[in-house]
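> I'd like to ask some things about the structure below.
The values are calculated or read from the model by the stated rules, or taken from the named source; none is laboratory data. Computed from a predicted structure; not experimentally measured. Positions of Cβ are generated from backbone atoms using ideal geometry, with glycine treated the same way; all protein chains shown enter the neighbour counts.
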Amino acid sequence: MNRYSVSAAFVFVAGVVSAQVKTGLDVLVEENFAPLLGKRVAVIANHASVDRKGRHLVDLLREAPGVTLSAVFTPEHGFSGKMEHGQLVPDSVLPGTAIPILSLYGESKRPTPDQLRNIDVLVCDLPDVGARFYTYIATLAYALEEAAKADLEFVVLDRPNPLGGAVVEGLVLSTDVRHFTAYYSVPARHGMTMAELARWHNVQTGLNARLLTVSLRGWKRWMLWKDTGLRFIPPSPNIRSDRAALLYAGLGAFEATNVSVGRGTDKPFALIGAPWVKKNTLEKRLTKLGLTGFRFKAVTFTPKSDLYKNKPCRGVQVVVTNSYTARPVDLFVHIACLLRDLSPKEFQPRWAEMPRVVGSSEFETWFKAGESAEAILERIHKSADDFKEQRKDFLLYP
């Protein structure tokens, strides 16, 4: 590990241990921007790329002596983080400057050779939500690949995984599935930070990129977001809290079906339903399962946008009662199997898309064969456990 090593800092308040985690950006500031001095820098960032004091990476670099900020790249949802999912992001200019803001979610999802030509180092400081199918990690991989081709230095300013690093859930993505939302052969809930994923991708794909990771200080794998002492900034419009991020890692897979996940409501990813779901039935069956970390409330909701816009949907509100024991991928499998059995004609997974979120086309085989949720999850759990062994050499934190 390089000199940007991990050290712990804890504050004891009323008998509770509260971590004061420092992000890679915090460490970079403390080290007076040492890896960037005398260099022309481009950053991959959005509105959430701030330090503990709320200062933005772009502002800090513009003021840093010896650092030249040449360009800003930004991912899906734009530099403001307010653009809706799937909406193409246009290029723009940083207000009050001549510094371009270049979209990595527009005509191209990769930095072009022309855009990288007058740059010495590319810095990535993006938040993540801990789910394989969230696009920011694909943006990281695409940019790392292009930096390797251009022989540029690539620096990752690390940030905590809001779902922690201890729990891993889901099938490892099959090697025959590749898409912008399915780019790493890791489980749906991978339990890795952005820097760890960069290390993984650099080795697994043989990039041999000039990669430097500026590590977190004070972060441990058991920590969820609430344990870090950091303010949660929604990285995109529908991930509004760390609990929404947790639910997204599992229930986000329903976006490859005809089930609403509550987009267009004030509780995205906490609501599951459709006009054809039978009233109260899903809540009763889920409650009977006794799934740890969750409780369920029968609801009717009407999305104002997205799937089933202005149509009443019956279903459940998912309430997380214990973030440490909640297993959102397990929950997805249980709900999907219940919908299959309760509404076999109405529930319609889009099987061409489903491998991108569940990880493999084998899921379709098991599902259509009528296998129980428990039988399917036995295979999924083994895949996740095997991955935990495979990732050990790439982890930066205990």
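> Taking only pairs six or more apart or across chains, which ones have beta-carbon atoms under 8 Å, a first residue in segment 52-70 that is closer than 21 Å to GLN115 by Cβ and hydrophobic (A, V, I, L, M, F, W, C), and a second residue that is modelled with pLDDT under 95 and surrounded by fewer than 19 Cβ atoms within 10 Å (Cβ to Cβ)?
Nothing qualifies.
> While we're looking at this one, here's another question. Please list, ordered by first then second residue, the pairs with beta carbon atoms under 9 Å, 6 or more apart or interchain, first in segment 253-268 and among the acidic types (Asp, Glu), second buried (at least 23 other Cβ atoms within 10 Å of the Cβ).
Short answer, once both residue conditions are applied: GLU255/PHE133; GLU255/VAL261; GLU255/VAL357.
> List pairs: first residue in segment 330-355 and without any contact (Cβ under 8 Å) to a residue 40 or more places away in the chain, second residue in a helix (DSSP H, G or I) and β-branched (Val, Ile, Thr) anywhere in the structure, Cβ distance under 9 angstrom, at least six positions apart or on different chains.
Listed pairs, sorted by first residue: CYS337/ILE376.
> Filter segment 174-196 down to the residues that are in contact with a Pro (Cβ under 8 Å, 6 or more places away or on another chain) and in a loop (DSSP other than H, G, I, E, B), then identify the one that is nearest to ARG327 (Cα to Cα). Write out each step before concluding.
Within segment 174-196, the subset in contact with a Pro (Cβ under 8 Å, 6 or more places away or on another chain) is 174, 177, 182, 189, 193.
Still in the list and also in a loop (DSSP other than H, G, I, E, B): 174, 177, 193.
Details: SER174: 21, VAL177: 24, THR193: 19 Å.
Among those residues, the one meeting the criterion is THR193.
> For GLU346, only one of the following conditions fails: (1) among the charged types (D, E, K, R); (2) part of a helix (DSSP H, G or I); (3) surrounded by fewer than 17 Cβ atoms within 10 Å (Cβ to Cβ). What is its number?
(2)
> When only residues in segment 110-119 that are of a type outside the set (Asp, Glu) and outside any loop (DSSP other than H, G, I, E, B) count, which is surrounded by the fewest Cβ atoms within 10 Å (Cβ to Cβ)?
Only one residue tops the list, namely PRO113.
> Among the residues of segment 197-221, how many are out of contact with any Phe, Trp or Tyr (no Cβ under 8 Å at 6 or more places or on another chain) and assigned to a loop (DSSP other than H, G, I, E, B)?
Count: 4.
> Can you tell me which of GLY290, GLY315 is in contact with a strand residue (DSSP E or B) (Cβ under 6 Å, 6 or more places away or on another chain) and farther than 24 Å from TYR183 by Cβ? Before the answer, list the steps.
Working: GLY290 fails: in contact with a strand residue (DSSP E or B) (Cβ under 6 Å, 6 or more places away or on another chain).
It is GLY315.
> Which residues, taken from segment 164-173, are buried (at least 17 other Cβ atoms within 10 Å of the Cβ) and in a loop (DSSP other than H, G, I, E, B)?
GLY164, GLY165, VAL167, VAL168, GLY170, LEU171, VAL172, LEU173
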